[in-house]
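**Student:** I'd like to ask some things about the structure below.
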Amino acid sequence: MKKSHSCGPFKCFSWTRTKVIVRLQLGRRLRNRVSLLGTYFGSIVLVIGQTSVILRWLLPSFAMAFYVLSRRLSAGSNSTTLLALRFASSSRSFSSSFREERDTFGPIQVPSDKLWGAQTQRSLQNFDIGGPRERMPEPIIRAFGVLKKCAAKVNMEYGLDPIVGEAIMQAAQEVAEGKLNEHFPLVVWQTGSGTQSNMNANEVIANRAAEILGHKRGGKFVHPNDHVNRSQSSNDTFPTVMHIAATMEINSRLIPSLKTLHGTLNSKSIEFKDIVKIGRTHTQDATPLTLGQEFSGYTTQVKYGIDRVIGTLPHLYQLAQGGTAVGTGLNTKKGFDAKIAAAVAEETNLPFVTAENKFEALAAHDAFVETSGALNTIAASLMKIANDIRLLGSGPRCGLGELILPENEPGSSIMPGKVNPTQCEALTMVCAQVIGNHVAVTVGGSNGHFELNVFKPMIASCLLHSLRLLGDSSASFEKNCVRGIQANRERISKLLHESLMLVTSLNPKIGYDKAAAVAKTAHKEGCTLKEAALKLGVLSSEDFDKLVVPEKMLGPSD
């Protein structure tokens, strides 16, 4: 390995926050001088006569440009290539030294301070899509740590060197705890099987295990394929970590948040059980109900949402591990699949089992489509609840104003004193995103061609995104909105007694047509229902007072 340049010939020149445009005109005679240009951290060739200086310390943003350039030159292009490259150095640090790693494509330069290897490095330069915000979700990375630890444990029963196995388990535990997150740079938008992320995990764990055993990175004393990935394929590891990650998020984040929200809504329904208000259908006045009854509907929606997502767990607890490439279990030993599922169950305290059918587990992701459908339903429920609450709290003077919502922050940069229902707004935006994610999961799930679905990273990312958003937003909505909701009793009473739909209680006495005439007269002339009934001569004052009692209109009569 050649000694890397930490400063190069530009030692006296400051690159900090400076944009540089480097123009390179490379002719036919330079083809043999660009063999290092395909690496991720790249090299820049500065032509001074026939002398070239190779600098490997430039920012990673050069990588793809030089990779394309080297491919063009190696293909024998006779044209002169002109590249305009721009970069602005940022405050983040970047490696100034590299080591050589190898895979079946040959050698490649990898930053010395990173644990990943050749295949991860190639993925970085081949899939420069979306930037850091599109990286593989952390729950997937942690799940890889869990799986690789359990695989090493089981593989030791089948002949893996215990010294190597124990080092793999220790390294994998660090991954599971999130201690090595910086070494997982790959984005979701890669191969549809998740192979690059599986190899990312294999390489990181192999290099870390080698270090634990006193060996250098890149030497493959612990081999990413032969040791870490033993008895495994990306085609069964990635669906396995999808299931591990999803079930852990459901159990640790989503269900607890929904249960808390359910409890608070239920408390409000009890608190408001004696407050009679006017109901609304089609956004128009309807017959009365209590505010507690209205909130009991919200409570039950959340309860059923919890039931729905729990109902998807049995299928998610089935693990694909042991199916290897196409579901047959090639290169595993008998019993490996059941043992590794048991090991994962022990590690996570969740009831994982080996999949009933490995061919289904690799070729389809119906369990994820089903779970996403449950989340889609929850999103629809929460959208309705949040919309109702913000409309009932509209005002404070010119809206419905039946609810008083917590005031958490100023609502306007121009209108002094304005306060907005921001928690409702945040929750409804989350719901829209979850509904969109479900569309993507559905499309991905429907595209499992032959023996392998190749939308796995996208499906996993969308479902985990929905789980995180619903869990967090439900907790925020409960804490910062629902918990502090108060009833505006005066406003509720005023709107109740002004409603024309109280006339419904007259139907059994005077009939639908006469009752409708009373309502229309009251509305047209701007008088009360009682005044209209007396004017039309359909009821006496005493009969009206006996029949039109909102508190007696809340359920079936005796």
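**Student:** Just to be sure I understand the filter: pairs with C-beta atoms under 6 Å, separated by 6 or more residues or on different chains, first member in the range 278-298 and under 14 Å from ASP388 (Cβ atoms) and open to solvent by 60 Å² or more (accessible area, probe 1.4 Å), second member of a type in the set (A, V, I, L, M, F, W, C) and not in a loop (DSSP other than H, G, I, E, B). Which pairs pass?
**Tutor:** Between residues of the range 278-298 that are under 14 Å from ASP388 (Cβ atoms) and open to solvent by 60 Å² or more (accessible area, probe 1.4 Å) and residues that are of a type in the set (A, V, I, L, M, F, W, C) and not in a loop (DSSP other than H, G, I, E, B), the close pairs are ARG280/ALA286.
**Student:** Sticking with this structure for a sec: Filter the range 182-194 for residues that are within 20 Å of the chain's Cα centre (by Cα) and either closer than 21 Å to ILE459 by Cα or open to solvent by less than 20 Å² (accessible area, probe 1.4 Å) (or both) and give the result.
**Tutor:** Once the filter is applied, which keeps residues that are within 20 Å of the chain's Cα centre (by Cα) and either closer than 21 Å to ILE459 by Cα or open to solvent by less than 20 Å² (accessible area, probe 1.4 Å) (or both), the range 182-194 yields PHE184, PRO185, LEU186, VAL187, VAL188, TRP189, GLN190, THR191, GLY192, SER193, GLY194.
**Student:** Within the set of pairs 6+ apart or on separate chains, which have a first residue in the range 113-134 that is modelled with pLDDT of 95 or more and part of a helix (DSSP H, G or I), a second that is charged (D, E, K, R) and open to solvent by 40 Å² or more (accessible area, probe 1.4 Å), and C-beta atoms under 6 Å apart?
**Tutor:** Cβ pairs passing all conditions: ALA118/ARG102.
**Student:** If you check LEU463, LEU539, LEU467, which single one turns out to be part of a loop (DSSP other than H, G, I, E, B), among the aliphatic types (A, V, I, L, M) and open to solvent by less than 20 Å² (accessible area, probe 1.4 Å)? Working first, answer last.
**Tutor:** Numbers: LEU463 fails: part of a loop (DSSP other than H, G, I, E, B); LEU467 fails: part of a loop (DSSP other than H, G, I, E, B).
That would be LEU539, the only listed residue that is part of a loop (DSSP other than H, G, I, E, B), among the aliphatic types (A, V, I, L, M) and open to solvent by less than 20 Å² (accessible area, probe 1.4 Å).
**Student:** Looking at PHE359, PHE368, PHE336, can you tell me which residue is more than 30 Å from GLU478 (Cα to Cα) and open to solvent by less than 40 Å² (accessible area, probe 1.4 Å)?
**Tutor:** PHE336
**Student:** While we're here: Where residues in the range 494-509 are open to solvent by less than 30 Å² (accessible area, probe 1.4 Å) and either in a helix (DSSP H, G or I) or free of Cβ contacts under 8 Å to residues at least 40 places away in the same chain (or both), which of them is farthest from LEU289 (Cα to Cα)?
**Tutor:** LEU506
**Student:** Is it the case, given these coordinates, that ILE404 is open to solvent by 50 Å² or more (accessible area, probe 1.4 Å) and outside the structural domain of GLY194 (by the TED database)?
**Tutor:** Spelling it out, ILE404 is indeed open to solvent by 50 Å² or more (accessible area, probe 1.4 Å) and outside the structural domain of GLY194 (by the TED database).
**Student:** Here's another thing I want to ask about it. In the set GLY444, GLY373, GLY436, which member is under 30 Å from ASP236 (Cα atoms), under 16 Å from the mean Cα position of the chain (by Cα) and open to solvent by less than 10 Å² (accessible area, probe 1.4 Å)?
**Tutor:** GLY444
**Student:** Taking the stated definitions as given, is ASN251 at negative phi, surrounded by fewer than 21 Cβ atoms within 10 Å (Cβ to Cβ) and either among the basic types (Lys, Arg) or within 27 Å of the chain's Cα centre (by Cα) (or both)?
**Tutor:** Values: at negative phi: yes; surrounded by fewer than 21 Cβ atoms within 10 Å (Cβ to Cβ): yes; either among the basic types (Lys, Arg) or within 27 Å of the chain's Cα centre (by Cα) (or both): yes.
Answer is yes for this residue.
**Student:** Could you identify the single residue in MET415, MET429 that is in the same structural domain as ILE278 (by the TED database), without any contact (Cβ under 8 Å) to a residue 40 or more places away in the chain and more than 30 Å from the chain's Cα centre (by Cα)?
**Tutor:** Matching residue, one of MET415, MET429: MET415.
**Student:** Right, another one. Of the residues ALA516, ALA522, ALA533, only one is open to solvent by 20 Å² or more (accessible area, probe 1.4 Å), in a helix (DSSP H, G or I), of a type in the set (A, V, I, L, M) and farther than 30 Å from ASN387 by Cα; which? Steps first, please.
**Tutor:** On the way: ALA522 fails: open to solvent by 20 Å² or more (accessible area, probe 1.4 Å); ALA533 fails: open to solvent by 20 Å² or more (accessible area, probe 1.4 Å).
None of the others qualify; the one that does is ALA516.
**Student:** Here's something else I'd like to know. Please list, ordered by residue number, the helices (runs of 4 or more DSSP H) wholly in the range 160-276 having 2 or more residues that are farther than 21 Å from ALA143 by Cβ.
**Tutor:** Output list reads 162-176, 195-212, 255-271.
The values are calculated or read from the model by the stated rules, or taken from the named source; none is laboratory data. Source: prediction; values computed, not measured. Neighbour counts are summed over all protein chains in view; Cβ atoms, including those assigned to glycine, are modelled from backbone coordinates with ideal geometry. The accessibility values were calculated without ligands, DNA or RNA, using every heavy atom of the protein model including side chains. Shrake-Rupley method; radii C 1.70, N 1.55, O 1.52, S 1.80 Å.
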